[in-house]
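The values are calculated or read from the model by the stated rules, or taken from the named source; none is laboratory data. Owing to the predicted nature of the structure, the values given are computational and were not obtained by experimental measurement. Here the Cβ positions follow ideal geometry from the backbone for every residue, glycine too, while neighbour counts run over all protein chains shown.
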Amino acid sequence: MELLKLIGIGIALGIANVIPGVSGGTIAVVCNVYDRLIAVITPDIKKILGSWKFWLPLGLGVGGGIIFFSKVITFLFTNYPIPTNFFFIGIILGSIPMLYRRIQAPNKRTPGLSGLICGLIGLSLMVYMKILKPQEESVLYTELTPVIFGLLFLAGVLGATAMIIPGISGSFLLLVTGMYRTIMYAASDLKISLLIPTALGIGAGLLSGAALVRFLMAKVPRQTYGVILGLVGGSVIVLFPPGGVTISGVSAVSILSALGGFAISFIGSEK
């Protein structure tokens, strides 16, 4: 059962990481595997090998999600964007109670002041990201040059770091850097020359991002989860469709989608 659950979570992570605006880190928090995921992203080979029962099914799920389900989700976002967005909004809202408990002060039901301030900082960052949101058009590079190598490496670092940080979409930052189309082209056509600098950047970003989060969680755990709560909650602002929903059949479907996502997330995060 645990094996199937990890594969399922991996599929969700894989899908999230190919859709601009949806954060893989948020999905990891929602599915309550964020701490374990951060712990296993380390240069300590012995620790990695000892945790294979966790990361192997998770990794297989990620690969499966990217290969088999990303086209389905992309189809849904293209043809039914409002209900699909509301499903993800419901998933995010369902994880809020679990995150809130992690910033509560010891022996109290309310968050400490520092955790609350950090939450507001995270929320403000997501509001800024909403304002900054770029258009999806970007230049397509098909040949590798020293400049493109550097840009792809930097995009890989930023994208991978964003995967570690809940609320911030790796694909979103690829759009910001203008490298989204190039990396999608390289992945779909297996353009090895373009994939190498991207992979190097992803490796560097994962290791450095995970090390930073582990350090913060060890030193200031409630404050760190305060920022995460703000980022995750602020994702709703990023995902909320422009203009909202109208009073029609679409609104009813959207509400049902949000309730379904909320139920899945709330029940899963409580376990």
Checklist entry - So which of Gly50, Gly8, Gly94 ends up being more than 23 Å from Gly260 (Cβ to Cβ) and more than 13 Å from the chain's Cα centre (by Cα)? => result Gly50
Checklist entry - Tell me, which helices (runs of 4 or more DSSP H) wholly within the range 44-83 include 2 or more residues that are buried (at least 16 other Cβ atoms within 10 Å of the Cβ) and not charged (D, E, K, R)? => result 52-64, 70-79
Item to check | Condition check for Gly205: out of contact with any strand residue (DSSP E or B) (no Cβ under 8 Å at 6 or more places or on another chain), of a type outside the set (Phe, Trp, Tyr), crowded, with 18+ Cβ neighbours inside 10 Å and modelled with pLDDT of 85 or more | outcome: yes
Checklist entry - Quick one: would you say Ala210 is modelled with pLDDT of 80 or more, small (Gly, Ala, Ser) and out of contact with any Asp or Glu (no Cβ under 6 Å at 6 or more places or on another chain)? => result yes
Item to check | First in the range 142-164 and within 13 Å of Leu195 (Cα to Cα), second anywhere and part of a loop (DSSP other than H, G, I, E, B) and of a type outside the set (Lys, Arg), Cβ under 7 Å, 6 or more apart | outcome: Ile148/Tyr141; Leu151/Met179; Leu152/Met179; Ala155/Met179
Next on the checklist: Exactly one of these conditions fails for Thr198: (1) under 23 Å from Asp35 (Cα atoms); (2) at pLDDT 85 or above; (3) buried (at least 21 other Cβ atoms within 10 Å of the Cβ). Give me its number.
Outcome noted: (1)
Checklist entry - Where residues in the range 4-33 are modelled with pLDDT of 85 or more and assigned to a helix (DSSP H, G or I), which of them is nearest to Ile96 (Cα to Cα)? => result Ile9
Checklist entry - Do we have Gly94 as within 26 Å of Val236 (Cβ to Cβ) and either surrounded by fewer than 22 Cβ atoms within 10 Å (Cβ to Cβ) or modelled with pLDDT of 75 or more (or both) here? => result yes
Checklist entry - When Thr145 is evaluated against the numbered criteria (1) buried (at least 20 other Cβ atoms within 10 Å of the Cβ); (2) at pLDDT 85 or above; (3) hydroxyl-bearing (Ser, Thr, Tyr), which criterion, by number, is the only one it fails? => result (1)
